[in-house]
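In what follows, a structure is listed as structure tokens, so that the remarks can point back to it.
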């Protein structure tokens, strides 16, 4: 049974076309580096200059891949496509006034409704507190 689970996990990991590249430290270690990485991405991908939402920036930066030779970050094709969608969602939400309602943000709109049994990002607003790090929950 263990080998079947391992095969299933490998197949699932290979199917993920847009993996996070955070490593063991997660979003907590990304915060100090966020602006440095973002400032490398914006000149290359001009559509990113329109992103205002902090969670969207963290999501994009968490999927940026570092070139070990040049020490620069880049986005794969699927991350670029998702980033463009985030910009469009954010613009629509600002135009219709729903961006400021705290019920939904561009990232939640991109990822869609919650599904049981999958790790998802959730809002950084918990009750009356705004958290500094993004929280990842596992829905069972």
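Selection within segment 61-93: residues that are in contact (Cβ under 8 Å) with a residue 40 or more places away in the chain and in a helix (DSSP H, G or I). The member of this set that is farthest from residue 47 (Cα to Cα) is 62.
Select from segment 36-60 the residues that are in contact with a helix residue (DSSP H, G or I) (Cβ under 8 Å, 6 or more places away or on another chain), without any contact (Cβ under 8 Å) to a residue 24 or more places away in the chain and under 18 Å from residue 20 (Cα atoms) and list them in ascending order.
38, 57 - these are the residues of segment 36-60 that are in contact with a helix residue (DSSP H, G or I) (Cβ under 8 Å, 6 or more places away or on another chain), without any contact (Cβ under 8 Å) to a residue 24 or more places away in the chain and under 18 Å from residue 20 (Cα atoms).
Any idea which residue in segment 77-100 is surrounded by the fewest Cβ atoms within 10 Å (Cβ to Cβ), counting only those that are under 16 Å from residue 20 (Cβ atoms) and in contact with a helix residue (DSSP H, G or I) (Cβ under 8 Å, 6 or more places away or on another chain)? The extreme case among them is 82. Quick check, is residue 123 at pLDDT 70 or above and either loosely packed, with under 15 Cβ neighbours inside 10 Å or within 16 Å of the chain's Cα centre (by Cα) (or both)? When the stated conditions are applied, residue 123 does not pass them.
For every residue, the table says whether it meets (1) in contact with a strand residue (DSSP E or B) (Cβ under 9 Å, 6 or more places away or on another chain); (2) part of a loop (DSSP other than H, G, I, E, B); (3) surrounded by 16 or more Cβ atoms within 10 Å (Cβ to Cβ).
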position: 6; (1), (2), (3): no, no, no
position: 14; (1), (2), (3): no, no, no
position: 48; (1), (2), (3): no, no, yes
position: 52; (1), (2), (3): no, yes, no
position: 55; (1), (2), (3): yes, no, yes
position: 59; (1), (2), (3): yes, no, yes
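The values are calculated or read from the model by the stated rules, or taken from the named source; none is laboratory data. Since this is a predicted model, take the numbers as computed values, not measurements. Heads up, the Cβs are rebuilt from the backbone with ideal geometry, glycines too, and the neighbour counts pull from every protein chain shown.
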